[in-house]
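Structure, as structure tokens:
Nothing in this text is a laboratory measurement; each read-out follows from the coordinates by a stated rule. Everything numeric here is computed off the predicted structure, so don't read it as measured data. Cβ: placed from backbone, ideal geometry, glycine included. Neighbour counts: every protein chain shown.
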Amino acid sequence: MDDLLATPTRERALDRLDELVLENRFTIAVVFPVTGAILLTASALHPPWLPDVLVFHPLLILLGTLVMRLPLGAGLAPLVDRRAGLALVSLTAYAYAIEFVGIATGWPYGEFAYGVSLGPMLAGEVPLGLPIFFVPLVVNSYLLCTLLLGQRATNPWLRLPAVIATVLAIDLVLDPGAVALGFWEYGGGSYYGVPRSNYEGWILSATVAVLLLDWGFDWQTLGERLRSCVFMLDDMVSFVILWGAINAVFGNWLPVGIAAVLGLGLVVTDRFDVPTRPRWLGS
């Protein structure tokens with residue numbers, strides 16, 4: 001089966017996907033998150049500053065997220081063989097399972113409920129698009145730590161806590177912004193309405209994710225692709241812009257500061273380098 005994954009047709013399709021992302025980096029990594037921040041915050045205002053049809057439109061949320069995930073997907077695609085595919089499927093299954101358990105029992109993230117439809121819902125409880133919201137958060141953390149640690153990333157005893165810490169940093173930015181928007185709510189918590197149990201749950205999920213990624217991907221090959229693919233972390237660039245801006249609108253300044261630190265990590269690894277002008281403006 002792995003031989004089938006390396007066909008010339010697949011290679012041409014992957015090359016074209018790389019070209020598509022490269023040609024549209026500014027639009028994907030800057031225009032989409034800026035537009036998303038404007039639409040989401042305008043939807044959350046009371047009354048909303050948008051026509052009713054656009055207020056938290058679930059398909060717009062899903063489509064915007066998919067577009068911003070495109071660089072990560074394109075970057076990983078050449079590395080996805082049977083083993084890596086199984087790891088990603090397993091991570092997807094884990095994301096669904098832990099979300100259903102969390103909604104039913106309050107474990108491991110704490111009691112929470114969705115307040116906004118994030119697209120079609122499974123059993124009326126869990127967003128069908130959950131993997132595109134969850135999986136990239138841990139994969140981006142894994143990739144950023146791989147770059148920041150360099151050869152030290154070969155040490156799993158160093159890599160695991162570094163990735164867990166990065167995942168927690170990402171969620172320290174994401175959850176306060178999401179709660180402020182009304183995406184979901186915990187019924188109170190000491191950190192911008194988010195309880196400590198949520199972050200304890202993310203330690204578990206990050207650990208599971210790192211173990212699956214370590215098993216599924218060849219670390220050396222992944223590192224080589226990451227170093228040669230300039231856009232592979234553009235999804236994290238989008239994350240910093242989108243959620244940094246949303247938290248700033250709501251005055252969540254600690255999450256804004258954490259987003260800035262994540263942005264600094266991207267600058268240090270020379271990944272906050274999307275073109276400063278969109279291609280359609282010309283030279």
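Amide hydrogen proximity for Leu122: with H placed 1.01 Å from N in the peptide plane, the residues at 5 or more positions away or on another chain lying under 5 Å are Leu128.
Between the labelled values (i) 1, 5, 12, 16, 19, 18, 14, 9, 4, 2, 0, 0; (ii) 1, 5, 10, 13, 15, 14, 11, 10, 8, 5, 3, 2, 1, 1, 1, 0, 0, 0, 0; (iii) 1, 5, 9, 11, 11, 9, 9, 10, 9, 8, 6, 5, 3, 2, 1, 0, 0, 0, the entry that holds P(r) over Cα pairs in 5 Å bins from 0, in percent as derived from this structure is (i). Normalised by the number of residues in the chain, the average gap of Cα pairs under 8 Å and 6 or more apart makes the relative contact order 28 percent. Each label was represented as a point 7 Å from its Cα along the Cα-to-Cβ direction; for Ala113 and Arg16 these points are 4.7 nm apart.
Sorted on the mean count of surrounding Cβ atoms within 10 Å across their residues, most packed first, peptides 152-161, 191-200 read 191-200, 152-161. Residues with beta-carbon under 15 Å from that of Tyr192, excluding Tyr192: net charge, scoring Lys, Arg +1 and Asp, Glu -1? It works out to a net charge of -2. Each Lys or Arg adds one and each Asp or Glu takes one away; over the other residues whose Cβ falls under 12 Å from the Cβ of Gly216, this sums to -1.
Less than 5 angstrom separates the built amide H of Gly115 from those of Trp184, Glu185, all sequence-distant by 5 or more or on a different chain. What is the Cα centroid distance between the stretch 6-27 and the stretch 162-199, reported in whole angstrom? First find each Cα centre; the distance between them is then 35 Å.
All other residues whose Cβ lies under 15 angstrom from that of Gly201 are scored, Lys and Arg at +1 and Asp and Glu at -1, for a net of -4. Note on the chain: dipole from Cβ charges, positive end direction compared against Val237, Pro127, Val267; the farthest Cα belongs to Val267. Shown for the chain are the DSSP H helices of 20 Å or more along their axis, judged by Cα atoms, with a mean Kyte-Doolittle hydropathy of at least -0.5: 58-76, 82-105, 130-149, 156-181, 196-216, 234-249, 253-268.
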